[in-house]
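The values are calculated or read from the model by the stated rules, or taken from the named source; none is laboratory data. Remember, it's a predicted structure, so these values are computed and weren't measured experimentally. Glycine gets a Cβ as well: all are built from the backbone with ideal geometry, and neighbour counts include every protein chain shown.
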Amino acid sequence: MRKQTRQALTLLLLAALSHTAPAQTGDCQFKDAEALKSYLKPGKRTTPLIMAHQGGTEDGYPGNSMATFERTYSKVPCVLLEIDVRATADSLLVISHDDELALKTNGKGLLSKKKWKEVSKLRLKDPYGSMTEYLIPTFQEVLNWSAGKNFVLIVDKKPETSITQTIRMLQGTGNLYKSVLICYSLKEAQLAHQLAPQLMLAVGFNSPEHIDAVEQSGLPLEQIVALTPRELQESSFYQRIHDLNVTSSLGTNGNIDTLQVAESRPLYQKLRDSGGPDIICTDNPILVQSIFYKKD
């Protein structure tokens, strides 16, 4: 597909979806690093924030697609929109959860071994394996769309993807102050902090030993989001994290998200009322939004 045709198709899809609801407003505007840090600070709210894993994958919408991002943004106020960043063989950063193309597209082989010219023609599969008309977006495409919109961008930069290139693109598109960068090690988090001292970072807090290591890392704790186990922990676990002024996130993707609504609803409600995690990362952000903020 030629570049002009691809861009025209994307614009038409986004224009159609943008009529589903007005753009988000309220306190979800981040003009500087302090604004996002204050917004994510633990203890500020009784209901957890909602993080959309891969942007959400509900109702046949494929994860990590522009149409899905737009739909979730239009329906979940101030969503934390999580995206996955990988690099093609010719070093173009694109949005894809997996390196193996057959898992989520009509392609074969590894994304990291393919050039963008080939990757750009692939179509995405929906959560049920059916082919859609949606294409793999570039990181630049998402960042251009994101700039100026009122939500938090959660950037899952895969370990083999250049951290320097990722951060420079966040800076160059005006997205740095609204972003949280997921890091796969404390060493990587320390490098990210050197490159962008004001950037919010997410790191693993899977055990008391991990918490000890983060405390001793020299990272600014008020700029950290704790990625905790996918099973609800004892309240003392979250309290220790909160005592460090760190926000905690729990993922329901691959867990509660896979259940039928009748089964998952009370489990989401339990998480909402637990007083533990500050953020729930889910494949079903629109459903969770309706449960967390049910109108009487």
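Summed over the range 67-91, the residues that are touching a helix residue (DSSP H, G or I) at 6+ places or on another chain (Cβ under 6 Å) and part of a helix (DSSP H, G or I) give a count of 8. Scanning the range 255-284 for residues that are assigned to a loop (DSSP other than H, G, I, E, B), more than 21 Å from R71 (Cβ to Cβ) and not polar (S, T, N, Q) returns L259, G275, G276, P277, D278.
The single condition from (1) touching a Gly at 6+ places or on another chain (Cβ under 9 Å); (2) at positive phi; (3) modelled with pLDDT under 95 that G60 fails is (1). Set side by side, the residues N106, N144, N150 differ, and just one is at negative phi, touching a Cys at 6+ places or on another chain (Cβ under 8 Å) and surrounded by fewer than 18 Cβ atoms within 10 Å (Cβ to Cβ), which is N150. Considering only residues in the range 260-296 that are surrounded by 19 or more Cβ atoms within 10 Å (Cβ to Cβ) and of a type in the set (G, A, S), the one that is modelled with the lowest pLDDT turns out to be G276. Of all residues in the range 167-224, those being of a type in the set (S, T, Y) and over 30 Å from Q140 (Cβ atoms) number 2.
Counting just the residues of the range 210-229 that are assigned to a loop (DSSP other than H, G, I, E, B) and surrounded by 16 or more Cβ atoms within 10 Å (Cβ to Cβ), which one comes out nearest to the chain's Cα centre (by Cα)?
L219
Evaluated against (1) farther than 21 Å from R230 by Cα; (2) of a type in the set (S, T, Y); (3) buried (at least 24 other Cβ atoms within 10 Å of the Cβ), Y39 falls short on exactly one condition, (3).
Among the residues of the range 71-91, those identified as more than 28 Å from L110 (Cβ to Cβ) and either acidic (D, E) or surrounded by 21 or more Cβ atoms within 10 Å (Cβ to Cβ) (or both) are R71, Y73, V76, V79, L80.
Residue by residue, here is whether (1) of a type in the set (K, R); (2) in contact (Cβ under 8 Å) with a residue 40 or more places away in the chain; (3) out of contact with any Phe, Trp or Tyr (no Cβ under 7 Å at 6 or more places or on another chain); (4) assigned to a loop (DSSP other than H, G, I, E, B) holds:
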| position | (1), (2), (3), (4) |
| --- | --- |
| Y134 | no, yes, yes, no |
| K149 | yes, yes, no, yes |
| G174 | no, no, yes, yes |
| V180 | no, yes, yes, no |
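Quick test for you: out of T258, T252, T247, T228, pick the one residue that is under 22 Å from E82 (Cα atoms) and without any contact (Cβ under 8 Å) to a residue 12 or more places away in the chain. Exactly one residue qualifies, and that residue is T258.
Residue under question is V94, and the condition is that it be under 25 Å from L40 (Cα atoms) and either of a type outside the set (A, V, I, L, M, F, W, C) or at pLDDT 95 or above (or both); does it hold? No, not satisfied. Selection within the range 137-173: residues that are among the acidic types (D, E) and more than 26 Å from I280 (Cβ to Cβ). The member of this set that is modelled with the highest pLDDT is E141.
Would you check if there is a residue in the range 115-126 being in contact (Cβ under 8 Å) with a residue 60 or more places away in the chain, touching a Pro at 6+ places or on another chain (Cβ under 9 Å) and outside any strand (DSSP E or B)?
Filtering the range 115-126 down to residues in contact (Cβ under 8 Å) with a residue 60 or more places away in the chain leaves 120-121, 124-126.
Add one more test, that the residue is touching a Pro at 6+ places or on another chain (Cβ under 9 Å), and what stays is 124-126.
Subset that is outside any strand (DSSP E or B): 126.
Within the range 115-126, one or more residues are in contact (Cβ under 8 Å) with a residue 60 or more places away in the chain, touching a Pro at 6+ places or on another chain (Cβ under 9 Å) and outside any strand (DSSP E or B).
Would you point out the residue of the range 230-254, among those that are charged (D, E, K, R) and not in a helix (DSSP H, G or I), that is nearest to the chain's Cα centre (by Cα)? Going through the qualifying residues, I end up with R230.
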